[in-house]
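Readers should treat all values here as calculations from the given coordinates under stated rules, not as data from a laboratory. What you are looking at is a predicted structure, and each value in this text was computed from that prediction instead of being measured. Cβ placement follows ideal geometry from the backbone for every residue including glycine, while neighbour counts extend to all protein chains displayed.
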Amino acid sequence: MNYYGPKDLAESFRTVRKNTITVAEEIGEEHYGFRAAPATRTVGEMLVHIAIAPTFQEQIHKLERLKTLVGFDFPGRFAMMAAEEKTPRSKAHIVEMLRENGDSWAKWLDTITDDFLAERVEMPGPTPASRSRFDMILSVKEHEMHHRSQLMLIERMIGIVPHVTRAMHERMAAAAAAAAAPKA
């Protein structure tokens, strides 16, 4: 029995994507070419990477419903994704990709079942291993959160206080004001 089921996956992914879109909107287009260090993605490339990343798991679980990844063309898939990241796009186009691809992924998550999430997928490698579809599908959100944290550090580097930090400061200030208010 999963206590964290398909609807939870969909809603938590929607929350993560909403926050990613907020970061993408806050960073000015003039910074989309910013690269934090050599051999890293630019802001724009990272946002495209985030936008298209669910298509990897989508191919496995939604389109092909694979039961094994033995023989899966990982190099070909990653090369295609890398080429997509390098394709020049405007900020508006990238933000729209984040919205559309995120909505599509979340809507599909709403349709899957606990039984589907419990299925095992055989992994390639010298030692027999498998992962649950739940674990693999959850990794989409985890992957996005990893890259969003990088983007939030980049926000700091370019002089932006991330929106989640600003919101926390506002909550703390409101709590302090409430605590300091005279009691009637």
Calculate, for E30 and A118, the FRET efficiency according to 1/(1 + (r/R0)^6) with r their C-beta to C-beta distance and R0 35 Å; round to the nearest 0.05. 0.15
For region 1-101, what relative contact order do you get, as a whole percent, if you take Cα pairs closer than 8 Å and at least 6 residues apart? 37
Express the relative contact order of the chain as a whole percentage, based on alpha carbon pairs under 8 Å and six or more residues apart in sequence. 31
To the nearest 20 debye, what is the magnitude of the charge dipole of the chain about its Cα centre, counting +1 on the Cβ of each Lys and Arg and -1 on the Cβ of each Asp and Glu? 340
Compactness of region 106-184, expressed as Rg and Dmax over alpha-carbon positions, Å: 21.4, 71
Inverse of mean 1/r across different Cα pairs in region 6-180, Kirkwood, Å: 17.8
Express in nm, to one decimal, how much length is gained between Y4 and K183 on full extension, taking 0.36 nm for each residue of separation and deducting their alpha carbon distance. 60.2 nm
Check: in region 6-180 the Lys pairs 8 or more apart or on separate chains whose Cα atoms fall under 15 Å apart number 6
Top positive-direction residue, dipole computed over the chain with Cβ charges, set M136, L153, F72: L153
